[in-house]
């Protein structure tokens with residue numbers, strides 16, 4: 001057994017670090033570190049910087065613009081990005097749609113859409129969930145009816161993250177209402193500027209509006225926007241979900257969040273002692289730290305298995321559950337650290353360039369909103385209950 | 001043994017519940033809670049007419065209640081409705097003043113808004129002096145310092161401010177608009193308003209009489225019971241809403257409450273909420289008796305831990321919809337979470353419980 005990286009891998013890590021040191025704008029890492037909101041321009045800016053280096057599409061094949069990295073290199077890259085407080089790469093075009101297009105799309109679709117994802121021409125969003133189709137995604141009802149060389153789409157999608165910025169949406173639609181649930185679904189690319197599309201923001205409990213409802217009324221979509229074959233969309237959707245779950249453990253971002261928590265806990269005192277000397281607070285921190293160290297190794301075991309050609313099975317579900325539990329535990333403890341100063345809610349202070357009078361210790365204002373926002377982690381991308389179903393089906397098999 | 005509230009108290013609870021359901025349903029509550037005032041002057045006035053404040057005080061100071069169970073029923077109902085009207089300030093300031101002085105009539109009548117301004121921005125070691133200072137100034141006193149996250153500081157007609165004098169801690173009543181009083185107000189995460197209070201040489205004629213430390217302890221004891229009961233009311237509503245969701249939301253062709261994994265989780269929520277109810281009953285029963293501090297620490301610890309469980313499970317069992325502003329549940333989850341940030345969190349009260357046990 002050898003837990004160390006090869007000298008080549010260590011050299012690669014150094015290369016990533018020096019790139020981040022040089023190219024990651026402090027303004028952006030500062031926002032991430034302090035829990036401030038990122039604008040569309042911030043995300044576009046960071047994508048462009050990565051793209052200029054050829055590192056934006058880290059898991060694409062080289063022929064389409066990927067860097068040709070190994071699984072281990074990708075893991076190192078993601079880890080270093082998170083630890084440097086780099087903004088997360090917006091996944092919808094790069095990590096969700098692109099792998100589907102590369103595997104199942106037509107040559108024309110690849111030639112047209114992939115470069116536009118890389119250079120930021122098209123911002124994509126995901127049209128999967130519906131009000132009646134959440135964990136039971138295959139029960140989706142949005143319909144696409146063939147009419148000459150078009151599909152006519154009617155229905156509603158929901159939880160569409162950052163749909164307010166999107167130029168395009170990839171949608172699961174029902175093309176055969178008579179077939180079994182999974183067998184009548186197709187994968188369709190829809191221009192958000194089409195007539196009959198309406199986007200309505202959903203305000204979340206932290207006051208944020210990052211998700212949307214998208215309504216389709218007689219939206220005409222050219223048939224060439226169908227990906228793969230009609231009624232085979234469920235196969236592509238499942239393929240996409242396995243990609244959605246790569247790097248799901250989020251070891252790097254949890255490690256970065258834990259470091260911030262440790263620093264805060266060392267500065268804030270309660271009853272005359274820093275929180276790091278408070279036995280109960282210190283115990284809560286230690287449990288998370290141990291859990292995180294364990295998960296880092298579990299994650300590397302999965303990465304090593306994947307590097308050896310193993311197909312991810314229950315492991316990605318395990319990592320999703322544990323990774324989100326750890327991240328949520330960190331945000332809960334960060335909130336707790338600020339005591340009464342987690343109570344004030346000054347949303348303007350969470351935006352860039354706020355000049356108002358600060359209230360409480362630095363970053364106190366972001367603690368509770370972040371905690372509430374991160375409740376989504378155990379719900380989206382297949383809720384943790386669905387993940388446990390997947391695991392138990394694999395191991396119990398009944 | 002009888003675990004029913006007395007008929008009078010049950011009537012009070014029913015009246016309060018009906019009034020709040022009618023006058024302050026959650027959407028109306030949210031409009032004011034996240035708005036400029038953080039409470040509804042109309043609802044406050046309406047509750048004043050119902051005599052709710054009077055239930056929080058004994059006959060000796062002009063009220064008609066004041067026992068632990070009176071405080072419990074009032075705040076449990078306020079919690080059920082997520083009420084943001086400033087009763088916590090009424091209770092804490094009134095109970096502090098009741099130790100020595102007469103309580104101003106307006107506080108007992110529910111017409112005067114009072115804010116309890118004791119906690120400070122900086123931490124304090126046990127026994128350490130307050131940073132807010134009161135010094136003799138001619139025939140009166142001058143107050144200088146800062147107070148942290150004071151609930152409804154801007155709306156308050158009076159603030160009860162703690163300060164250090166050469167002879168120890170003292171309490172001063174500061175009126176709204178007093179010269180040298182500056183308040184930086186803001187909304188709170190769970191709805192309502194609070195503020196940072198600054199005292200820049202605020203002139204006050206005299207401190208309130210009596211033992212200030214005893215008065216502060218009385219205020220905090222009442223406040224802990226009130227917050228515990230409020231949490232109980234809120235968690236009961238969150239639990240019921242979640243049960244209804246499990247019964248009605250269908251996935252895979254069945255109500256999701258058919259899935260045993262979810263059944264067991266809601267069962268855990270239910271039993272922990274009943275445990276929390278017992279903790280609040282224990283504290284209400286001990287209120288005003290020797291040993292109350294430990295029962296209060298136990299109650300606040302319990303509702304802190306259970307409140308987080310209920311809030312997180314209610315959101316998770318609802319799925320995405322549980323995270324939306326539109327659903328009342330999300331506001332209950334926020335209130336339950338933030339109660340653990342008021343007057344000490346679950347860890348602080350667990351340690352207090354241990355320390356009080358050692359001392360006994």
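Nothing in this text is a laboratory measurement; each read-out follows from the coordinates by a stated rule. Here the structure is a predicted model, which is why all the values come from computation and not from measurement. Heads up, the Cβs are rebuilt from the backbone with ideal geometry, glycines too, and the neighbour counts pull from every protein chain shown.
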Inter-centroid distance (Cα atoms) of the stretch B:275-312 relative to the stretch B:169-243, Å: 20
Alpha carbon convex hull of the stretch B:214-359, projected area averaged over orientations, nm²: 9.2
With a cut-off of 8 Å between alpha carbons and a minimum separation of six or more residues, what is the relative contact order of chain A in percent? 14
Considering every residue in A:64-76, what mean count of other chain Cβ atoms within 10 Å of its Cβ is obtained? 0
Taking 0.36 nm per residue of separation and subtracting the Cα-Cα distance, what length does fully extending residue B:267 through residue B:102 add? 54.6 nm
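Given Cα positions, please report Rg to Rh for the stretch A:124-230, the hydrodynamic radius being the Kirkwood one. Could the numbers behind the result be given before it?
Values: Rg = 13.4 Å, Rh = 13.8 Å.
Rg divided by Rh gives 0.97.
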Counting only DSSP beta bridges with both residues in chain B, what percent are antiparallel, rounded to the nearest 5? 85
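Applying a 10 Å radius around every beta-carbon, put B:169-178, B:259-268 in order of their mean neighbour count, most first.
B:169-178, B:259-268
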If packing is taken as the average number of other Cβ atoms within 10 Å across a peptide's residues, how do A:95-108, B:142-155, A:125-138, A:10-23 rank, most packed first? B:142-155, A:125-138, A:95-108, A:10-23
For peptide B:314-324, how many partner chain Cβ atoms fall within 10 Å of a residue's Cβ, on average? 6
Sorted peptide list for B:218-226, B:241-249, B:46-54, criterion being average Cβ within 10 angstrom, highest first: B:218-226, B:46-54, B:241-249
With a bin width of 10 angstrom, please list the P(r) values of the stretch B:1-80 as percents of all Cα-Cα pairs, from the 0 bin to the one holding the largest distance. 17, 47, 28, 8, 1
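Where both residues lie in the protein assembly as shown, what percent of DSSP beta bridges are antiparallel, nearest 5? Display every interim value, and only then the final one.
Details: 64 of 74 bridges.
In the protein assembly as shown, DSSP labels about 85 percent of beta bridges as antiparallel.
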Stretch residue A:297-residue A:44 to full length: gain in nm at 0.36 nm per residue minus the Cα-Cα span? 87.8 nm
Would you mind pulling out the separation of the Cα centroids of the stretch B:1-43 and the stretch B:112-149, in Å? 32
Kirkwood Rh, Cα atoms: Rg over Rh of chain B: 0.99
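Most exposed first by the Cβ proxy, i.e. fewest other Cβ within 10 Å, how do B:300, A:388 rank?
Ordered from fewest to most neighbouring Cβ atoms within 10 Å, B:300, A:388 come out as A:388, B:300.
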How crowded by other chains is B:341-347, given as the mean number of beta carbons from other chains within 10 Å of each beta carbon? 5
Tell me the relative contact order for chain B as a rounded percent, counting alpha carbon contacts under 8 Å between residues six or more apart. 16
Can you tell me what percent of all Cα-Cα pairs in the protein assembly as shown are more than 49 Å apart? 24
Which of rounded, prolate or oblate describes chain A when judged by the alpha-carbon gyration tensor and an a/c cut-off of 1.5? prolate
Please report A:391, A:330 as a ranked list, fewest other C-beta atoms within 10 angstrom at the top and most at the bottom. A:391, A:330
Shape parameters for the stretch A:245-396, alpha-carbon atoms, Rg then Dmax in Å: 17.9, 57
Need the full-extension length gain, residue B:184 to residue B:50, defined as separation in residues times 0.36 nm minus the C-alpha distance. One decimal, nm. 45.1 nm
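Any idea what the relative contact order of the stretch B:116-209 is, in percent, if you count C-alpha pairs under 8 Å spaced at least 6 apart?
33
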Measure out, as a whole number of angstrom, how far apart the alpha-carbon centroids of the stretch A:107-153 and the stretch A:25-39 sit. 31
